[in-house]
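Take a look at the structure below.
The values are calculated or read from the model by the stated rules, or taken from the named source; none is laboratory data. Keep in mind the model is a prediction, meaning the values are calculated, not measured. Note: ideal-geometry Cβ built from the backbone for every residue, glycine included; neighbour counts use all protein chains shown. These area figures cover heavy atoms from the full protein model, side chains too; ligands, DNA and RNA do not enter into them. Shrake-Rupley method; radii C 1.70, N 1.55, O 1.52, S 1.80 Å.
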Amino acid sequence: MNKYLAVIIVFIILTSCSSKDKKDMLGGGHKDNTYFKLTVNGVQRELENIHYARTGTNIHLATWGKNGFPNLNVTLTANAENDFRGSYPYYWDLSAGTSIILYGLGPSDGYESHWWDCPIDAPLLILSPGDIKIENIEHTGADEFITGSFATEQYQPQGNCPYAEVKTIKISAQFRLKRAQ
């Protein structure tokens, strides 16, 4: 339950910190050639809003539909503030050089890029294979754009430990996003 609350909190933070005009947050390509091409289990999703914000080495990407769902929240912690191009493997604690992805379908219904298995002797961290790639950073006047991609397998344990099932979905994306001011 706590992990789904985290999805909602991250979503609220991301949507409240943007000063972008509504027309600049549409999911498809627009005047700045920005986009967030999202595929879930092989089906392309066109969500209404896209977002990119960063403070120091904390970088947040998001896309969401009407009324906030579904939503995809990506957070990564860079090693450097100015040039953060590179690959960011998935890890739960967001230490420098790592990332996390949360995909919410509705309240208390979401998936994460990791999960904790519950063997008797100690919890075992299961991470999604792959990483987030920030391939390019462009500066045009005062504007900053990033280009990148990722692929992840997302997890949702069912029930209590030991889990009867761990649902999975596959998500991939390509993006070019303008930094929120």
| note | Quick count over the stretch 90-109, residues being touching a Pro at 6+ places or on another chain (Cβ under 9 Å) and in contact (Cβ under 8 Å) with a residue 24 or more places away in the chain, is 6
| said: Out of everything in the stretch 100-139 that is hydroxyl-bearing (Ser, Thr, Tyr) and either open to solvent by less than 60 Å² (accessible area, probe 1.4 Å) or at pLDDT 95 or above (or both), what residue ends up being farthest from the chain's Cα centre (by Cα)? | reply: SER128
| said: Name the single residue that is nearest to ILE137 (Cα to Cα) among those in the stretch 64-83 being free of Cβ contacts under 8 Å to residues at least 60 places away in the same chain and within 16 Å of the chain's Cα centre (by Cα). | reply: ALA78
| query | So which residues in the stretch 30-51 are over 16 Å from the mean Cα position of the chain (by Cα), touching a residue at least 60 places away in the same chain (Cβ under 8 Å) and open to solvent by less than 60 Å² (accessible area, probe 1.4 Å)? | reply | ASP32, THR34
